[in-house]
1. Among the numbered criteria (1) more than 30 Å from LEU226 (Cα to Cα); (2) surrounded by 16 or more Cβ atoms within 10 Å (Cβ to Cβ); (3) not basic (Lys, Arg), which single criterion is violated by ILE82?
2. Looking at this structure, is PRO190 touching a residue at least 60 places away in the same chain (Cβ under 8 Å) and under 24 Å from the mean Cα position of the chain (by Cα)?
3. Tell me, please, whether a residue that is closer than 25 Å to ALA168 by Cβ, near the ligand (Cβ under 8 Å from one of its atoms) and assigned to a helix (DSSP H, G or I) can be found in region 119-134.
4. Just one of the numbered conditions (1) under 34 Å from the mean Cα position of the chain (by Cα); (2) aliphatic (A, V, I, L, M); (3) exposed (fewer than 14 other Cβ atoms within 10 Å of the Cβ) is not true of LEU62; which one?
5. Which one of these does ALA99 not meet: (1) of a type in the set (A, V, I, L, M); (2) free of Cβ contacts under 8 Å to residues at least 40 places away in the same chain; (3) at positive phi?
6. State whether one or more residues within region 246-263 are closer than 24 Å to ALA168 by Cα, over 13 Å from the mean Cα position of the chain (by Cα) and at pLDDT 95 or above.
7. Would you mind listing the strands (runs of 3 or more DSSP E) fully within region 143-257 where at least 3 residues are more than 16 Å from the ligand (Cβ to nearest atom)?
Amino acid sequence: MRRPTKPYRSRKIGDRALSPETLMMGYGFSPHLSEGALKPPLFQTSTFVFETAEDGKASFELAYGLREKRRDEEMHLIYSRINNPNLEVLEDRLSVWDAAEKALAFASGMAAISTTLMTFLRPGDTFVFSEPVYGGTEYLVHNILPQFGARGVGFMAEGGADAFRAAAAEAAVLAAKTGGKVGAVYVETPANPTNGLVDIALARELSESLKGPAGRPPVIVDNTFLGPLWQQPLALGADICVTSLTKYVGGHSDLIAGAASGDASWIGQVAVFRTILGTMTDPHTAWLLLRSLETLKLRMDAAELGARKVAAYLQTHPRVKSVWYLPFLPKDHPDRALFEKQCKTAGSTFSFEIEGGEAEAFAFLNKLQVIKLAVSLGGTETLASHPAAMTHSDVPPDQRLRLGITESLVRLSIGVENPDDLIADIEQALGQ
Ligand SMILES: Cc1ncc(COP(=O)(O)O)c(C=O)c1O
């Protein structure tokens, strides 16, 4: 593998640790290996030429783990399902943001989540998961993983530590009955779309308590709502951080991708599954993501500032019943301390309930002019959606209500427009 020379791998200048936003301009890429190109070129190739047959043999020995890497031995590129320079530079830069030893890029957030869970679950196993989770994950845990003999035990994020502990205990009992282990502790925090929080340190404590002969289950945290700037699950005790790069990291609503990051001991196992399932991203998407990463902090900072203004406006509007924006949690709310401990900011995606039901919510959505009516989040443009009728429509109605996803709930993802223009748009749509 064509490894960049030293300066491109250094995260320091003298004693000063360089900030992630600075490292996004050059870290992991050596121009001299690419004709002096300032930017990583697009390596749109499926396969790589070996200099000699011996090089080819050595590459496969390393890729398949047949022997240890020799001192100073460079691993050659082989085939773009296994490795590719665009993916490697991207993964180096993602690991900077997540403060991870290793990161892997995937074809989608769901590819990252499903590949990661399948890596650690076997027939007879159980796993613990928080609720609500993103609609696709909900389908995976309820409908797909059980077909492979892995059963999930869910708990409501709003149920706090007691609900989490009870689910872990139940998962252990079930696993003992089915001759398996508790294979994973899976948490989405903040939860989509309720912004319910789950204690990541408690997830780690429960994982430690579930340790069996095969080790302990990894704590996997979906960090899509706040990642990678506003929450660092690995520093809080998670083993694997999964993120839909489709959202803030891609940031322009023009690609689908995902990531998993963590210690090499966990991520190496996921890498094997990714190579064989073929769930990696492609070079062009990786190239687009490298471009997006250069402005990630600017975009996320602007969106977060805008969200603060829009949320404050909504809170005062007479037609708005409640605004599920984390800084508005009352001081005595159980999630308040968790928010302050885990999250650097509340991000820019939140929901609010309009007075009335589906008709009133739809009327509001249909009147918006600047804000686009679309699912997804984390893009430069502000999006509004109706979780009950859209992202969570395949969740049975009684379960939706249990999860707090009511007919009057509208989700907003604030972009980088002038927030006063967004407020003017919301005002006209609510006002008529
Ligand atoms: C919290 C969360 N996790 C995962 C995903 C799935 O990501 P992707 O659409 O990139 O597969 C989404 C998508 O909206 C999401 O909101």
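The values are calculated or read from the model by the stated rules, or taken from the named source; none is laboratory data. The model shown is predicted, which means the values in this text are computed figures rather than measured ones. Counting neighbours? That spans all protein chains shown, and the Cβs are built from the backbone with ideal geometry, glycine included.
1. Only one criterion in (1) more than 30 Å from LEU226 (Cα to Cα); (2) surrounded by 16 or more Cβ atoms within 10 Å (Cβ to Cβ); (3) not basic (Lys, Arg) is unmet by ILE82, namely (1).
2. Numbers: touching a residue at least 60 places away in the same chain (Cβ under 8 Å): yes; under 24 Å from the mean Cα position of the chain (by Cα): yes.
The answer is yes for PRO190.
3. We begin by selecting, within region 119-134, every residue closer than 25 Å to ALA168 by Cβ; these are 119-134.
So of that shortlist, the ones also near the ligand (Cβ under 8 Å from one of its atoms) come out as 133-134.
Narrowing the set further to residues that are assigned to a helix (DSSP H, G or I) leaves none.
Within region 119-134, none of the residues are closer than 25 Å to ALA168 by Cβ, near the ligand (Cβ under 8 Å from one of its atoms) and assigned to a helix (DSSP H, G or I).
4. Failed condition: (3).
5. Every listed condition holds for ALA99 apart from (2).
6. Checking region 246-263: at least one residue is closer than 24 Å to ALA168 by Cα, over 13 Å from the mean Cα position of the chain (by Cα) and at pLDDT 95 or above.
7. On the way: elements: 151-156, 182-188, 219-222, 240-244.
Strands (runs of 3 or more DSSP E) meeting the threshold: 151-156, 182-188.
Table: residues versus (1) closer than 30 Å to PHE164 by Cβ; (2) part of a loop (DSSP other than H, G, I, E, B).
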site	(1), (2)
ASP335	yes, no
PHE339	yes, no
GLU353	yes, no
ALA361	no, no
LEU365	no, no
GLY379	no, yes
GLN399	yes, no
GLU417	no, yes
